[in-house]
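The values are calculated or read from the model by the stated rules, or taken from the named source; none is laboratory data. The structure displayed is predicted, hence computed values, not measured ones. Cβ placement follows ideal geometry from the backbone for every residue including glycine, while neighbour counts extend to all protein chains displayed.
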Amino acid sequence: MDLLYREALESDLPQIADLFPRAYAADFPRTEWLWKYFACPHGKCSVVAESEGRVVAHYGGWRTRLRGGAGVVEAAVLCDTMTDPAIRVSGRTPVLRRLHEAFLDLCRERGVQFCYGFPNSAAARFGSRFLGYELLGPLLFLRRPVSEGAGRPECALRFGDVFPEEHDRLADRLHAQPGWRADRSRSSLNWRFHARPTVYYRVVHAGPAAGDWSAYAVATTSGDLAQLVDLQADPDRPESLGLLLSALEHDLAPHGVRWLEVGLGPGRFAEELQERHGFTLLPDSPLVRCSGFVREDFDWPPVAAALDPRLSDVDVF
């Protein structure tokens, strides 16, 4: 079978919508798709395979930037990989492998230097065998009970669903640390959390004075669980983390939330949450990346993430 591999376009949406239920046995999330790939401030790197004018496979990636004291690295987060069950093998080569190669070519063309993703176990095995995926993990999940009687901490607090202009001063301090982390500027986070059409995120800032924020968290709730899909504190103000967690408890406990959960890589921050803030370790989950075009001097650190079983992708940081 002759297949054409090319960049995915917005005009492909009707055919992708037709392919999606055949690949995933689920309805196509159109508004989520438009937000993820066409509203992302950093753009996308996505490709499709086409047979006789019909889209039969898709390999998705939305763009992000990794920031650190050494500068900026362009990256892409892998998601929404699917093929029509009828054409998963073309000749002796899996269609997905050729699609993966087309994806890497597009990433190189766009200056993307690093790709990573969170495939399920079956996809991780396939990726390791055919696509050169490398295991980065483990990814740790930590949980702590919410104190129902938590009082409001003695500090400045801001609750809402939008990142304010003064957030960028905290983001600059986070970006200046050693290693690399996903872009946490106001524009990126407002796209990721405020503009998302299908999920509501609660944003909490804490600091010594209004506008002088030293820590923030982003939470999404399901029943009695609050997942902290982003949790950051200025390392020069370590006291702010405990104040932020107390603020979260005070805000969420009246709504029936009994647990706080966060996902992140092993290291100092995970140890601090366990030793000083009452978190305990849950079974971990693997973090997988796509290898093949990582800059030689690029030192990848732990990645923080939290999975939400209601979502088609994951919250990645």
key: Residue satisfying condition, being assigned to a loop (DSSP other than H, G, I, E, B), modelled with pLDDT under 85 and in contact with a helix residue (DSSP H, G or I) (Cβ under 9 Å, 6 or more places away or on another chain), within set Gly292, Gly278   = Gly292
query = Just a yes or no: is a residue in the range 141-154 over 28 Å from Leu282 (Cα atoms) and small (Gly, Ala, Ser)?
reply = no
note = Phe38: passes all of (1) touching a helix residue (DSSP H, G or I) at 6+ places or on another chain (Cβ under 8 Å); (2) over 30 Å from Asp172 (Cβ atoms); (3) modelled with pLDDT of 90 or more but (2)
note = Among Val56, Val77, the single one that is among the hydrophobic types (A, V, I, L, M, F, W, C), touching a residue at least 40 places away in the same chain (Cβ under 8 Å), touching a helix residue (DSSP H, G or I) at 6+ places or on another chain (Cβ under 9 Å) and surrounded by 20 or more Cβ atoms within 10 Å (Cβ to Cβ) is Val56
Residue count, the range 249-275 (criterion: free of Cβ contacts under 8 Å to residues at least 60 places away in the same chain and closer than 22 Å to Gly160 by Cβ) = 3
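Taking Cys155 as the residue in question, decide whether it is at pLDDT 90 or above and assigned by TED's automatic domain parsing to the domain that holds Thr280.
Yes; evaluated as a whole, the condition is true for this residue.
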request  = Output yes when any residue across the range 44-51 is modelled with pLDDT of 90 or more, farther than 23 Å from Phe118 by Cα and assigned to a strand (DSSP E or B), and no when none is.
outcome  = yes
